[in-house]
Structures are given as structure tokens and as C-alpha cells.
1. For segment 224-235, check the following and say yes or no: at least one residue is touching a Phe, Trp or Tyr at 6+ places or on another chain (Cβ under 9 Å) and closer than 16 Å to Arg155 by Cβ.
2. In contact with a helix residue (DSSP H, G or I) (Cβ under 9 Å, 6 or more places away or on another chain), at pLDDT below 95 and over 30 Å from Ile42 (Cα atoms): does that describe Arg214?
3. If you go through segment 251-262 one residue at a time, do you hit one that is under 26 Å from Val43 (Cα atoms), crowded, with 23+ Cβ neighbours inside 10 Å and touching a residue at least 60 places away in the same chain (Cβ under 8 Å)?
4. Out of the residues in segment 266-288 that are surrounded by fewer than 23 Cβ atoms within 10 Å (Cβ to Cβ) and touching a helix residue (DSSP H, G or I) at 6+ places or on another chain (Cβ under 7 Å), state the one that is farthest from Leu125 (Cα to Cα).
5. For segment 178-191, check the following and say yes or no: at least one residue is within 24 Å of the chain's Cα centre (by Cα) and over 28 Å from Tyr235 (Cβ atoms).
6. If a residue has to be in contact (Cβ under 8 Å) with a residue 60 or more places away in the chain and either open to solvent by less than 20 Å² (accessible area, probe 1.4 Å) or of a type in the set (Gly, Ala, Ser) (or both) to count, how many in segment 229-241 make the cut?
7. So Thr3 passes all but one of these: (1) at pLDDT below 95; (2) under 23 Å from the mean Cα position of the chain (by Cα). Which condition number does it fail?
8. Given the conditions (1) touching a residue at least 12 places away in the same chain (Cβ under 8 Å); (2) farther than 20 Å from Leu276 by Cα; (3) of a type in the set (A, V, I, L, M), which single one is not true for Ala111?
Amino acid sequence: NGTAIVSEAKKKAVDEAIAQLGFVPNPMARGLAGGRTLSVGIVTQSVDSPFYGGAMRGIEEALDAAGYSPLFVSGHWNAAEEARCIDVLRSRRVDGVIVLTGRLSDQALRAYAKALPVVVTGRSLRSAPGLYALNFDNFEGARLATQHLLDLGHRRIAFIAGDPAHPDANERHRGYCAALESAGIACDPALVVPGDYQEESGRRAIEQLLDQRRPFTAVFAANDQMALGAALGLYRRSMRVPNDISLIGFDDLQASAYAVPPLTTVHHPAGEIGRLAAAAMLQLLRGEKPHVVVPAPSVIVRESTWVSMG
């Protein structure tokens with residue numbers, strides 16, 4: 001590796017052997033010699049999720065630049081499965097674990113952090129030795145989304161909610177209601193329809209709203225995937241976005257800019273959050289107290305929202 005002082009002849013012989021044998025240094029062996037494997041475990045919830053896919057890419061980019069390798073496992077929104085995933089990662093002797101949201105309790109995360117560094121996203125959790133949490137302001141993002149529709153003149157705004165078992169879903173529901181109440185509009189339970197963050201639930205929610213025959217001029221879906229499903233449901237009922245119904249989502253997935261019409265949404269930078277989670281982990285591994293700043297939410301206005309005519 002160029003660190004030893006040897007004769008030029010010996011150096012040449014070693015270089016020739018490396019070239020002939022195709023030798024590649026083993027970072028794990030190097031790490032083990034220093035008490036580390038130079039690997040970080042990442043517990044995601046669904047490897048095919050467009051949102052978590054962006055976060056994983058951000059983690060991978062940041063870790064790779066620092067010489068670390070990520071090991072990805074999926075917990076499927078199940079606390080017992082997430083715990084099993086962490087046990088598997090610990091058996092692989094990872095240097096730390098990043099948990100993307102998930103359902104492990106705060107107490108469980110603190111217990112794991114006593115054995116190895118843990119970074120968790122999507123949580124408002126007091127940091128402890130070896131444990132760091134970072135969270136996006138879902139409440140403010142939802143408030144801004146609803147306020148955007150209010151500013152366009154909409155007063156009957158339907159909301160397609162996320163899974164109530166997710167803390168971010170509850171915060172987005174609170175932000176929606178808070179914006180309405182600030183405008184002097186009661187939060188009508190009849191205009192709130194449950195979803196599960198998947199496209200099909202957005203389509204079903206629109207059908208339920210239309211079948212109930214309760215008037216609304218705009219829809220706020222708690223994520224872009226449900227918004228895209230809602231757009232399909234409106235199309236199948238011969239309703240146009242935004243001419244008949246304005247539609248706004250949450251997350252700003254890459255596909256949302258290419259929807260027809262392009263989707264207005266709340267920018268929730270998955271890739272940046274992944275990079276910040278990795279940066280916090282690298283700080284923990286260096287024995288430092290992590291300090292990262294999560295970007296504030298903002299509304300990305302595209303062609304799916306329009307001024308209400310009534």
C-alpha cells in the first residue's frame with residue numbers, strides 16, 4: 001500500500017505480482033485489523049419504495065465517499081422484523097446501524113445504541129450516547145400544502161391520510177387541520193379518508209369521496225404515491241385535474257414532476273435526508289456529537305393545482 005520503506009527492486013516485484021494476480025485490497029480485513037469492518041447496516045422498510053429508495057441512495061453516496069459500505073435489510077414496518085434485521089447486522093459486525101423510520105420503540109433503539117452507534121430518521125427522539133435522531137417537519141409541510149390550496153380559494157379540501165401507525169402520517173393530518181382552523185374552517189371528518197401510502201389506496205379514497213357525494217374542490221394526499229392513485233381515480237370518473245379538482249401531494253418524488261399534469265407537492269428531500277443520516281453516523285463513529293440540519297419543507301407548485309372558481 002505504499003507505506004513500507006523497501007528497496008526499489010522489491011517494490012517493483014510487489015507491483016508486478018499485484019498486476020499479474022489482479023489483487024484487490026480487502027477493506028474488511030483492513031477494518032478488522034483496526035477493530036472495524038468499515039460497514040454500516042441500514043434498516044429500511046421497503047427496498048422497492050420510491051421514497052426510501054432515494055434515501056438509501058443518499059446514504060450509499062455519503063458512506064462510499066468515506067470508505068464505508070452499506071448493508072441493506074428491510075423491516076417491512078414490523079418491529080419484530082426490524083429487531084431481527086438489527087441482530088443480523090450485528091452478527092455481520094457492522095460498525096453502526098441507520099434505521100429509516102420504522103416501528104421499533106424508542107426504548108429498543110436506546111438499548112441497541114449501548115452496543116453500537118444508531119441513527120434513526122423520522123423520529124423526534126432525545127439524543128443519547130451512541131444514538132441520534134433526525135426528523136422532517138411533517139406538520140409544517142402539511143400546513144403549507146393546505147395553505148397553498150386555501151390561498152387558491154379552496155374551502156372544501158379533502159385529505160387522504162396515511163397509515164395512522166406512522167408518526168409522520170399523524171403529523172401531516174395535524175398540519176392539514178391546523179391550516180383549516182387558522183382560516184376559520186372546521187376540519188370536517190367526512191372529508192378525511194384513510195389511506196396506506198400506496199397508490200391503490202389513493203384511488204380507492206377518491207372513489208369513496210365521490211360516492212359519498214360530499215362536495216370538495218381540492219384534495220391533499222399525504223404522499224405522492226396516493227396522489228397519483230387519486231389522479232387515476234378522478235380520471236376514471238371523468239374529472240380533470242386541476243380544472244375540476246386541484247390535487248397536491250407530499251414528498252416530491254422524481255416521478256411526480258412527470259405526471260400528467262405535473263404534481264404540485266411538498267418537497268421532502270429523501271436523498272438529502274439519507275446523506276444527513278449517513279453524515280450523523282460518520283460523526284458518531286468518529287466519537288463526535290452529531291450535528292446535521294434537516295431542510296425545511298417547501299411547496300413545489302406545478303400544474304395540478306389551480307384557482308378555485310367556487
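The values are calculated or read from the model by the stated rules, or taken from the named source; none is laboratory data. Everything numeric here is computed off the predicted structure, so don't read it as measured data. Virtual Cβ from ideal backbone geometry, glycine too; neighbours counted across all protein chains shown. Ligands, DNA and RNA are excluded from the accessible area calculation, which covers all protein heavy atoms including side chains. Shrake-Rupley method; radii C 1.70, N 1.55, O 1.52, S 1.80 Å.
1. no
2. So Arg214 passes the test.
3. Yes, because at least one residue in segment 251-262 is under 26 Å from Val43 (Cα atoms), crowded, with 23+ Cβ neighbours inside 10 Å and touching a residue at least 60 places away in the same chain (Cβ under 8 Å).
4. Filtering first and then ranking leaves Gly271.
5. Keep residues of segment 178-191 that are within 24 Å of the chain's Cα centre (by Cα), which gives 178-179.
Next, only the ones that are over 28 Å from Tyr235 (Cβ atoms) stay: 178.
Within segment 178-191, one or more residues are within 24 Å of the chain's Cα centre (by Cα) and over 28 Å from Tyr235 (Cβ atoms).
6. Step one: filter segment 229-241 for residues in contact (Cβ under 8 Å) with a residue 60 or more places away in the chain, giving 230-231, 241.
Pick out the ones that are also either open to solvent by less than 20 Å² (accessible area, probe 1.4 Å) or of a type in the set (Gly, Ala, Ser) (or both) and you get 230-231.
Going through segment 229-241 one residue at a time, the tally reaches 2.
7. Just one mismatch for Thr3, condition (2).
8. Result: Ala111 passes all but (1).
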